[in-house]
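The values are calculated or read from the model by the stated rules, or taken from the named source; none is laboratory data. All values derive from a computational prediction rather than experimental measurement. Reconstructed Cβ throughout: ideal geometry from the backbone, glycine too, with neighbour counts over all protein chains shown. Side chains are part of the model used for accessible areas, which takes the heavy atoms of the whole protein and leaves out ligands, DNA and RNA. Shrake-Rupley method; radii C 1.70, N 1.55, O 1.52, S 1.80 Å.
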Amino acid sequence: MTGGSPRLGLLIGVVGVVAVALGLRLFSADVAKSVPALAFLVPVGMASFVGGRRVAIASALAAAVAYDSLFVPPTGSLRVGLLQDTVALVLFITVALGTGSLVAFESHRRRAAQQRVQELADLHSHLQAAVAERDRLEEETRRIAVLEEVDRQRAALLRAVSHDLRTPLGTIRAVVSDLRAGTSFDVETKEKLMDLVLRESERLDRIVTNLLSLSRIEAGALQPEVYPVDLSDVVDAAIERLASVLAHCVVRVEIGADVPPVVVDFTQMDLVFTNLLDNAARHTPPDSAVTVTAATSGTWVTVEIRDEGPGVDPSLGESVFDAFRSGRGSTGIGLAIARSIVEAHGGSVRLGGTERPGGRFIVHLPLTR
């Protein structure tokens, strides 16, 4: 609402003044002179409220004319007889104009206030719509980000599977094809080929185990069943499983008898050290050493797996623990699984510093739970 209705206000003023004049003429002999003056203020106020300031002035002048001609002697004309009647007329005009202007001003303020309230309501409505749209867009952005991450991991998994699975499968298929074709091999060569098939089969088994473990970790189903375990037994089991993988290097285990048992899930911790030792074996050169050491400090035991390979690029940092990290060329989930399992036991896995050559992974495990 931007203003009043001048035409309607003027109509109310004219009709109101005429009605008051006719009504008071019927009782002109019985009313005091002040009554018409007060009565004419009513239509002036109503007209001002509806029509605004200009209508207020017009209505006040119309009421003044009616009041002067009908109730101020000599009646029937616009002339004013006595001084007091002149003063009364001037006062009436002043009061009527003032009343009309004040009512018109307050009416304008009321309309302006209503307009501001309506504008605020509209702004609030638009703001709520904008907030709802923003929330919708944020949710859509999150959904797209999740889908993009899923697509990224799926593409990385496909690349990794094509590399990590097809390579041992290709080796096994080549050996089996040669044997079925009746190719003549001496006993030593046959033994090497059979060992190769065994190693590649074990490699496939580790890859599948890691993929299944990763799915269980993401589903929150990989809960450790802990009990006291001799750390040497866990490391020895992992080394035995990786005997063919570690055959090209020297494995040193330096876990003293003073290292107490750790409260862990043996099977899961076996998977941790299997992945860490497999990673070390893949990056260490022939005839070099892979070393496993352990030491206690308070209520913690620290295990270090160290190789003599090229080491980890410092720029990679903690991203080496990300599953399916791009550019790795393999599934790369072994380190991610190792960290998830150790953290589920209340411990941590981190990269060692670069003060020594080769790659270093340091595992912290609590002695009690």
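Take region 277-291 and flag every residue that is of a type outside the set (Ser, Thr, Tyr), farther than 16 Å from Asp233 by Cα and crowded, with 18+ Cβ neighbours inside 10 Å. Within region 277-291, Asp278, Asn279, Ala280, Ala281, Val290 meet the criteria. A single entry from Val251, Val245 fulfils the requirement of being open to solvent by 30 Å² or more (accessible area, probe 1.4 Å), modelled with pLDDT of 90 or more and outside any helix (DSSP H, G or I): Val251.
Checked against the criteria, Val235 does not count as farther than 30 Å from Glu304 by Cβ, hydrophobic (A, V, I, L, M, F, W, C), open to solvent by less than 60 Å² (accessible area, probe 1.4 Å) and touching a helix residue (DSSP H, G or I) at 6+ places or on another chain (Cβ under 6 Å).
Would you mind stating whether Asp186 is closer than 21 Å to Ser340 by Cα, modelled with pLDDT of 80 or more and surrounded by fewer than 13 Cβ atoms within 10 Å (Cβ to Cβ)? For Asp186, the condition - closer than 21 Å to Ser340 by Cα, modelled with pLDDT of 80 or more and surrounded by fewer than 13 Cβ atoms within 10 Å (Cβ to Cβ) - is not met.
Scanning region 135-160 for residues that are of a type in the set (A, V, I, L, M) and either surrounded by fewer than 12 Cβ atoms within 10 Å (Cβ to Cβ) or at pLDDT 90 or above (or both) returns Leu137, Ile144, Ala145, Val146, Leu147, Val150, Leu158.
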